[in-house]
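Read-outs: derived from the displayed coordinates by stated rules, not from any lab. Please read these numbers as outputs of a predicted model, since none were measured by experiment. Reconstructed Cβ throughout: ideal geometry from the backbone, glycine too, with neighbour counts over all protein chains shown.
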Amino acid sequence: MTSAQPSSGSGRPDGAPPDPMAHGPFAAIRRALPAGEVIRFLMVGVSNTLFSLAFYSACVVLYSHLFPHYGKPLIADIASITAKPICISVAFLCYKHFVFRTYGNYLKEWLRCFAVYGVSTPAELIILPIVTSIFLHIARLHVLAPFLAGVVNSLLIAIYSYFAHKKFSFRR
């Protein structure tokens, strides 16, 4: 390995494994999550989530105007399906270069990234209309229902995606 490429165990702030002797109520979590990598994942995750929610919301607004006769749960699904490929590609580039810091393998890792999110897509297509319907029953949240459902969905997917990307998409 050349000096231009960091090794996979390049110091604790860059994602090296945490202290295997960690103890306490959250020791198992600390042993499983390299500190620097998790912080970078959370930073990128927040920005990607904001981008994804903004793009999804723009699609919801667009499709609500284009197809006013469709129900909000269907609009939420159509907006999600439209936004997903673009948002996954943006997330892939951020994860690759900033979080997991891998080199080469663009197509392979991009396809793996799509596979990770592809596995979650059926769950999203169930979660979004159900949560949208729940928010529709809360009178004050009627207009915001698909947007709030997108936030709930994003939180659930973020937890799943860290482990899936670490162990599959960008494994070293």
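Observations, loosely collected:
- Calculated over the stretch 34-169: convex hull of Cα atoms, volume per residue (Å³): 99 Å³
- Radius 14 Å from Cβ of ILE130, net charge of other residues (Lys, Arg +1; Asp, Glu -1): -1
- Simple Cβ-charge dipole of the stretch 34-169, Lys/Arg +1 and Asp/Glu -1, about Cα centre, in debye nearest 20: 280 debye
- Sum of side-chain charges, THR121 neighbourhood, beta-carbon under 11 Å (Lys, Arg +1; Asp, Glu -1): -1
- Among the chymotrypsin sites (Phe, Trp or Tyr not before Pro) within the stretch 103-149, those in coil by DSSP and having at most 14 neighbouring Cβ atoms inside 10 Å are TYR103.
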